[in-house]
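Below is one structure, written out as structure tokens, with a few remarks after it.
Derivation of every value follows stated rules applied to the coordinates shown; laboratory data play no part. Quantities reported herein were computed from a predicted structural model and do not represent experimental measurements. Reconstructed Cβ throughout: ideal geometry from the backbone, glycine too, with neighbour counts over all protein chains shown.
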Amino acid sequence: MKKSPALDYIFSRRSIRKYKPDPVEDSSLELILKAAMSAPSAVAKDPWRFVIIDDFELKKKTADALPHGKFLVDAPVGILVCGDLSAAHGGLEGYLIQDCSAAIENLLLAVNSLGLGACWLGVYPREERIDAMRNIFELPKNILPVACISLGYPAEEKKSRDRYNPSYVHRNHWK
Ligand SMILES: Cc1cc2nc3c(=O)[nH]c(=O)nc-3n(C[C@H](O)[C@H](O)[C@H](O)COP(=O)(O)O)c2cc1C
């Protein structure tokens with residue numbers, strides 16, 4: 001098999017839910033967001049928007065509103081990934097979600113390559129979580145929260161897993 005450092009980072013990426021208290025450097029945060037904003041987006045509309053959450057009270061409120069994201073409170077930083085509906089191609093939510101999801105995956109891979117750890121915390125399409133994020137961050141109407149990311153230096157080690165399943169792949173025809 002061909003060797004590729006980029007593939008190593010893809011294969012070794014795991015959701016990290018335990019963090020050291022050490023802060024994440026602003027220079028790393030900027031690199032991570034640069035990677036996020038290098039993702040493909042429909043007609044290059046780049047509708048993604050990011051809210052960095054490092055205020056403890058805000059982090060706590062956010063964690064409280066996410067049923068599977070309570071550990072966000074112990075992460076040194078969170079990132080709320082949103083999309084701007086007025087910027088998305090055709091004003092369509094479907095494009096916004098695909099664009100933001102591509103940005104999130106780039107972000108997670110950048111995190112892994114920097115020796116940091118992160119977890120994608122689902123917001124969209126759960127109405128109650130979307131409403132909670134809208135309230136906590138006072139988002140304008142055109143801004144749709146998609147996901148929250150918990151981020152920090154990992155305090156747990158996770159092995160990579162091989163999730164390749166050849167039965168999920170079809171060639172030319174479904175059968
Ligand atoms: C749309 C989406 C929502 C997710 N929401 C959560 C979440 O709320 N809490 C959580 O701990 N993990 C969440 N995850 C992470 C998944 O649980 C994780 O990616 C999956 O179990 C595979 O494990 P891995 O990331 O370690 O490979 C989410 C992932 C996606 C793509």
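General observations
- Subtracting the Cα-Cα distance of Glu138 and Asp162 from 0.36 nm times their residue separation leaves 4.6 nm of extension gain.
- One chain, two ends: Leu7 and Val73. Fully extended at 0.36 nm per residue, the span grows by 20.7 nm beyond their Cα-Cα distance.
- The slack in the chain from Glu57 to Arg126, taken as 0.36 nm per residue of separation less the alpha-carbon distance, amounts to 22.6 nm.
- If a spin label sat at a point 7 angstrom from the Cα of Glu93 along the line to its beta carbon, the backbone N atoms of segment 141-158 nearer than 15 Å would be those of 141-147.
- Kyte-Doolittle mean at least -0.5 and Cα axial length at least 18 Å: DSSP H helices in the chain: 93-113
- Proximal lysines to Lys59, defined as alpha-carbon separation beneath 21 angstrom and excluding residues fewer than eight positions away on the same chain: Lys18, Lys20, Lys70
- Longest exposed-site-free window of the chain, the sites being GluC sites (Glu not before Pro) in a DSSP loop that have at most 14 other C-beta atoms within 10 Å: 26-137
- The chain gives an Rg/Rh value of 0.99, both radii derived from C-alpha positions and Rh following Kirkwood.
- Unit charges on C-beta of K, R, D, E only; dipole of the chain, Debye: 920 debye
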